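**Student:** This is the structure I want to talk about, given as structure tokens.
Throughout, read-outs are computed from the coordinates displayed, never taken from laboratory work. Being a predicted model, the structure only gives us computed values, none of them experimental. Quick reminder, even Gly has a Cβ in these numbers, built from the backbone with ideal geometry, and neighbours come from all protein chains shown.
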């Protein structure tokens, strides 16, 4: 029960008002005790009492709002999806075999691919699909289904092998011609990486035109061969 000073007597001094309130409290408590309701004793507090005016309410509210905004900003910063970079390093090795009777040449090419996760959480690489084209004709495909996790701000390297890329007729003659020292052919490498995070799936593709020697077995020390930058499509 609350009693304002103005309701008691607006013209009475403060000391008199408090004296009257104390006597009213005693009277009400005595009355309730006679009724057997000692557990429901009532205390009257003056309206100007400092206990009714919390001093730091605004400070607590502002601090709570600031903490909520700070946590929301941090959550957006760390959980905001960032790009996953796929960098085609190049051909690591190329092994050549011949079928003289069918005039066919088979290539076993291994490519190097770097996948960089720029997010502050792990992403999952579901699969990597790739294909090789020569003169607008698909001559080989490959697919890696082994699931790989890439940690936050981390990078992993993958090797993709195209087994038995075959050429025939004119190309086989070109690759086996002894009068030519370098038997470079231009291949277009297409790579697509499928990643998932937070139930969201994303595909990143890369295309690269590249020289490959089809006349001999070749291993590249740096994991890359010469790029044909002139034919590289614009990003």
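**Student:** Can you give the extra length, in nm with one decimal, that the chain gains between residue 174 and residue 26 once fully stretched, where that is 0.36 nm per residue apart less the Cα-Cα distance?
**Tutor:** That works out to 41.8 nm of additional length.
**Student:** To make sure I understand, if each residue's beta carbon is the centre and we count other beta carbons within 10 Å, what order do 214, 68, 175 fall in, fewest to most?
**Tutor:** Values: 214 24, 68 10, 175 20.
Placing the least packed residue first, the sequence is 68, 175, 214.
**Student:** With r defined as the distance between the Cβ atoms of residue 72 and residue 118 and R0 fixed at 22 Å, what FRET efficiency is calculated, to the nearest 0.05?
**Tutor:** Numbers: r = 22 Å, r/R0 = 0.99.
Using R0 = 22 Å, I get an efficiency of 0.50.
**Student:** Now, a different point. Please give the FRET efficiency for residue 190 paired with residue 98, using the beta carbon to beta carbon distance and R0 = 45 Å, rounded to the nearest 0.05.
**Tutor:** Rounded to the nearest 0.05, the efficiency is 0.95.
**Student:** Return 189, 104, 62 ranked ascending by Cβ neighbour count within 10 Å, so the fewest neighbours appear first.
**Tutor:** Numbers: 189 22, 104 16, 62 11.
By the 10 Å Cβ count, ascending, the order reads 62, 104, 189.
**Student:** By how many nm would the segment from residue 146 to residue 127 grow when fully extended, if each residue of separation counts as 0.36 nm and the alpha-carbon distance is taken off?
**Tutor:** On the way: separation 19, 0.36 × 19 = 6.84 nm, distance 0.66 nm.
Full extension from residue 146 to residue 127 adds 6.2 nm.
**Student:** For the pair residue 181/residue 207, report the inter-label distance in nm, with labels modelled 7 Å from Cα in the Cβ direction.
**Tutor:** Taking the simple label geometry, residue 181 and residue 207 are separated by 3.4 nm.
**Student:** So, one more: In nm, to one decimal, how far is the residue 218 label point from the residue 80 one, both placed 7 Å along Cα→Cβ?
**Tutor:** According to this spin-label approximation, the distance is 4.4 nm.
**Student:** Can you sort 128, 180 by how many other beta carbons sit within 10 Å, fewest first?
**Tutor:** Numbers: 128 22, 180 11.
Exposure proxy ranking, most exposed first: 180, 128.
**Student:** Rg and Dmax of segment 72-208 over Cα atoms: what are they, in angstrom?
**Tutor:** 19.1, 70
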